[in-house]
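Everything below concerns the one structure shown next.
Just so you know, all these numbers are worked out from the coordinates, no wet-lab data involved. Keep in mind that what you see is a predicted model, and the values were worked out from it rather than measured. For neighbour counting, all protein chains shown are included, and Cβ atoms are generated from backbone atoms with ideal geometry for every residue, glycine included.
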Amino acid sequence: MITIISGTNRKNSKTREVANHYYEVFKELANEEVKLLGLEDVPLDMLNAEMYSEAGQSEDLAKIQDEYLLPADKYFIVSPEYNGSFPGVLKLFLDAVSIRQYKETFKGKKAGLAGVASGHAGNLRGMDHLMGVLHHVGTDVMPNKLPLSKIGSLTADGKIVDEGTKGAIRDHIEAFLAY
């Protein structure tokens with residue numbers, strides 16, 4: 001199973017639009033189940049004083065981990081640029097799910113990354129930071145990352161409209177599936 005993660009909890013984000021496009025193309029090309037998890041749908045009760053103990057993990061978060069992370073062999077994360085890196089909510093999510101079944105959640109799994117930014121760099125620095133975190137928890141990250149710059153000019157009405165970008169995403173997915 002492949003789980004695509006839209007790495008922001010911002011509602012109606014460009015990141016979610018890109019993640020939706022990845023999801024549709026993955027469903028077309030992958031010969032396995034594909035699920036999409038938007039962090040805007042993850043309850044923020046994962047942030048609490050007891051979150052660093054298995055007993056203190058949010059029940060809702062445990063259900064998400066059981067459905068989207070534990071059965072997945074691969075993750076694909078679409079992450080926007082927030083302050084020169086990736087969003088804090090994505091780091092919080094990764095920290096929160098690392099408490100219960102750490103090895104089963106991360107070790108030996110593969111990940112792919114796409115960055116989204118309104119500026120020129122497509123969140124290259126944030127993807128490098130995220131890659132470092134994923135390597136630390138034992139996840140193998142595909143070196144080929146796709147930075148999507150000037151995202152506002154690539155989308156319209158909630159969809160990617162730029163044909164070159166659509167082609168680059170398809171190529172990226174094909175490379176990831178072969179990884």
Q.
Among the listed pairs Lys35/Lys166; Lys109/Lys150; Lys107/Lys159; Lys35/Lys91; Lys107/Lys150; Lys14/Lys35, which have their C-alpha atoms separated by more than 28 angstrom in this model?
A. Lys109/Lys150; Lys107/Lys159; Lys107/Lys150
Q: May I ask what percent, to the nearest 5, of DSSP beta bridges between residues of the range 2-178 are antiparallel?
A: 10
**Q.** Euclidean distance between Cα centres, the range 1-51 to the range 56-71, Å
**A.** 14
Q) Given a cut-off of under 8 Å on Cα pairs at least six residues apart, what relative contact order in percent is computed for the chain? A) 23
Q. Which angle between 0 and 90 degrees, to the nearest 10, do you get for helix 14-29 versus the longest principal axis of the chain when only C-alpha atoms count?
A. 80
**Q.** Spin-label proximity, His129 to the range 56-96 - amide N less than 17 Å from point 7 Å beyond Cα toward beta carbon
**A.** 77-96
Q: Just the number, please: percent antiparallel of the DSSP beta bridges in the range 1-107, rounded to the nearest 5.
A: 10
Q) Which aspartates and glutamates, on any chain, are close to Lys27 with Cα under 18 Å apart, when same-chain ones fewer than 8 places away are left out? A) Glu17, Glu67, Asp73, Asp171, Glu174
Q: Please find, in a Gaussian network model of the chain (springs between Cα atoms separated by less than 10 Å), the residue of Gln101, Gln65, Gln57 whose mean-square fluctuation is greatest.
A: Gln101
Q. Can you list residues whose amide H is under 5 Å from Thr8's amide H, if they're 5+ apart or on another chain and H is modeled 1.01 Å from N?
A. Leu39, Glu40
Q) What angle do you read, to the nearest 10 degrees and between 0 and 90, between the alpha-carbon axis of helix 88-97 and the longest principal axis of the chain? A) 40
Q) Roughly what percent of Cα-Cα pairs across the chain reach past 22 Å? A) 40
